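Notes for the one structure printed next.
The values are calculated or read from the model by the stated rules, or taken from the named source; none is laboratory data. Here the structure is a predicted model, which is why all the values come from computation and not from measurement. So basically every Cβ, Gly included, is an ideal-geometry build from the backbone, and we count neighbours across all protein chains shown. For the accessible areas, the whole protein counts, side chains as well, though only heavy atoms, and no ligand, DNA or RNA atoms are used. Shrake-Rupley method; radii C 1.70, N 1.55, O 1.52, S 1.80 Å.
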Amino acid sequence: MHMGRIVPRRRRRLGVIGRRGAPGDFRWFEFEPTYVLHWTNAYEDGDEVVVDGFFQGCPEPAGAGPNGPADRMFRFLAQDTMQTRLHRWRMNLVTGAVSEQDLSDGCTEFGTINGGFGGRPYRYNYAATNEPGWFLFNGLVKHDTLTGREERYQFEPGVFCSEVGVAPRVGGTEEDDAYLVTLTVDMNRDLSECVVFRANDVGRGPIARSAPRADRQWHT
């Protein structure tokens, strides 16, 4: 789901419809204006529907720089320029009341969660950090939506990653008893790798990575 083009001073609306609802059951809730590129989860909490995603503080960056339209294109994709922050919207289906809050002060985007907690209350969101001014991911951050704590890992200069996939550990019971998998490109060595983290210890760094050999063995 994507929100439309920003119109200054016009509030945003989120719509809620029951899983088996009819078009007439649609309900709208108004919030502060923004644009959301990625949502991460939604669930029910008592009388409320809770939705998490990435709020853009500056959805329409300034005009093109010295390199013309290409500069503006990258501004539309750079987290720090768009000021994207993990955010939470709440809608009370009984009273109609709404509330919203940032879950992080840092600029991150492309968040993912343990898929087993999709549509249910969850705690951890794994997102990417970007190279300032560029659509390049230079690290990972684990957001704890319960405590606000963040755990980060940043790759070496010139090494960039993709958004992560979350692979729950077989037999695991905890939400972060899982592995984070991402692809990296090392511009210094002209090398691509598949890199694995423990979701419960992101700051430790990779625990395994694919070897740059034809047999695709792994080393830790």
Considering segment 191-209 alone, what residues qualify as being more than 9 Å from residue 151 (Cβ to Cβ) and not in a strand (DSSP E or B)? 199, 200, 204, 205, 206, 207
Those residues of segment 181-208 which are charged (D, E, K, R) and surrounded by 15 or more Cβ atoms within 10 Å (Cβ to Cβ) amount to 186, 193, 198
Count, please, the residues in segment 136-158 that happen to be buried (at least 19 other Cβ atoms within 10 Å of the Cβ) and among the β-branched types (Val, Ile, Thr). 2
Restricting attention to segment 165-180, and to residues there that are among the aliphatic types (A, V, I, L, M) and either over 20 Å from the mean Cα position of the chain (by Cα) or over 15 Å from residue 154 (Cα atoms) (or both), which single residue is least open to solvent (accessible area, probe 1.4 Å)? 178
Go over the candidates 149, 120 one by one and state the one that is without any contact (Cβ under 8 Å) to a residue 12 or more places away in the chain and either out of contact with any helix residue (DSSP H, G or I) (no Cβ under 9 Å at 6 or more places or on another chain) or not basic (Lys, Arg) (or both). 149
With the condition kept exactly as written, say whether any residue in segment 125-140 is within 20 Å of residue 14 (Cβ to Cβ) and touching a Phe, Trp or Tyr at 6+ places or on another chain (Cβ under 8 Å). no
Looking at (1) open to solvent by 40 Å² or more (accessible area, probe 1.4 Å); (2) on the phi > 0 side of the Ramachandran plot, can you tell me which one residue 133 breaks? (1)
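So that you can scan it fast, the table gives a plain yes or no per residue for (1) out of contact with any strand residue (DSSP E or B) (no Cβ under 9 Å at 6 or more places or on another chain); (2) under 15 Å from residue 109 (Cα atoms):
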{"position": "138", "(1), (2)": "no, yes"}
{"position": "141", "(1), (2)": "no, yes"}
{"position": "149", "(1), (2)": "no, no"}
{"position": "157", "(1), (2)": "no, no"}
{"position": "165", "(1), (2)": "no, yes"}
{"position": "169", "(1), (2)": "no, no"}
{"position": "174", "(1), (2)": "yes, no"}
Go through (1) open to solvent by less than 30 Å² (accessible area, probe 1.4 Å); (2) closer than 11 Å to residue 52 by Cβ; (3) not small (Gly, Ala, Ser) for residue 126 and report which single condition fails. (2)
Can you confirm whether segment 103-121 contains a residue that is open to solvent by 40 Å² or more (accessible area, probe 1.4 Å), modelled with pLDDT of 95 or more, assigned to a loop (DSSP other than H, G, I, E, B) and of a type in the set (Val, Ile, Thr)? no
Does segment 1-20 contain any residue that is at positive phi, under 22 Å from the mean Cα position of the chain (by Cα), outside any helix (DSSP H, G or I) and modelled with pLDDT of 70 or more? no
As an exercise: evaluate residue 156 against (1) closer than 17 Å to residue 208 by Cα; (2) not in a loop (DSSP other than H, G, I, E, B) and give the number of the one condition it does not meet. (2)
